[in-house]
1. For segment 4-22, name all the residues that are modelled with pLDDT under 95 and either part of a loop (DSSP other than H, G, I, E, B) or acidic (Asp, Glu) (or both).
2. Could you pull out the residue among ARG50, ARG21, ARG13, ARG93 that is free of Cβ contacts under 8 Å to residues at least 40 places away in the same chain and either among the acidic types (Asp, Glu) or surrounded by fewer than 17 Cβ atoms within 10 Å (Cβ to Cβ) (or both)?
3. Filter segment 63-83 down to the residues that are surrounded by 17 or more Cβ atoms within 10 Å (Cβ to Cβ), at pLDDT 95 or above and not small (Gly, Ala, Ser) and list them by number.
4. Can you give me the number of residues within segment 53-75 that are touching a residue at least 12 places away in the same chain (Cβ under 8 Å) and either of a type in the set (S, T, N, Q) or in contact with a Gly (Cβ under 6 Å, 6 or more places away or on another chain) (or both)?
5. Counting only residues that are small (Gly, Ala, Ser) and within 16 Å of SER74 (Cα to Cα), which one in segment 23-53 is modelled with the highest pLDDT?
6. When you go through (1) in contact (Cβ under 8 Å) with a residue 40 or more places away in the chain; (2) under 15 Å from MET6 (Cβ atoms); (3) loosely packed, with under 11 Cβ neighbours inside 10 Å one by one for ALA104, which number turns out not to apply?
7. Any idea how many residues of segment 12-35 are more than 11 Å from the chain's Cα centre (by Cα) and of a type outside the set (Asp, Glu)?
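The values are calculated or read from the model by the stated rules, or taken from the named source; none is laboratory data. Values in this document were obtained by computation on a predicted structure and should not be read as measured data. In this analysis, Cβ positions are derived from the backbone assuming ideal geometry, glycine residues included, and neighbour counts consider all displayed protein chains.
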Amino acid sequence: MKLEAMAMLPAVRAKLDSLTRNPSMAGSPGSRYPAETRDVVDAMQADMTRLGMHSDPAYEALSDSVVQGSAALSAAGGAELEGLVARHVDQLRRLSAVYETKVAAMK
């Protein structure tokens, strides 16, 4: 079975590395980053659903925080943006790790 999100993760990690080096990338007007984040989170959920995994409240809360955090980036600037980017990067890395662990357990 093809896992859509798994194929997206290398690009997601590269983007997170770029955001860590240059947080202002996330705050640029018209950025597609929030939509890209939603796409990967949705793909993770779809993959897990296809594998027959049940909803996990902790995972759901983290994925919601990731999506909300990405949306907040475009409205922030300066030190606030740097803090939000650091938090968002950490959350998305954790979400990706949980996703990979859950998927690996199903193989």
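1. Within segment 4-22, just ASN22 meets the criteria.
2. Only one candidate qualifies: ARG21.
3. Hits for segment 63-83 are VAL66, VAL67.
4. Matching residues across segment 53-75 total 5.
5. Looking at residues that are small (Gly, Ala, Ser) and within 16 Å of SER74 (Cα to Cα), I get ALA35.
6. The failed condition is (1).
7. Adding up the residues that qualify gives 16.
For every residue, the table says whether it meets (1) under 9 Å from the mean Cα position of the chain (by Cα); (2) of a type in the set (Asp, Glu); (3) under 15 Å from ALA105 (Cα atoms).
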position	(1), (2), (3)
THR37	yes, no, no
ASP42	no, yes, no
THR49	no, no, yes
GLY52	no, no, yes
PRO57	no, no, no
GLU60	no, yes, no
SER63	yes, no, no
VAL66	yes, no, no
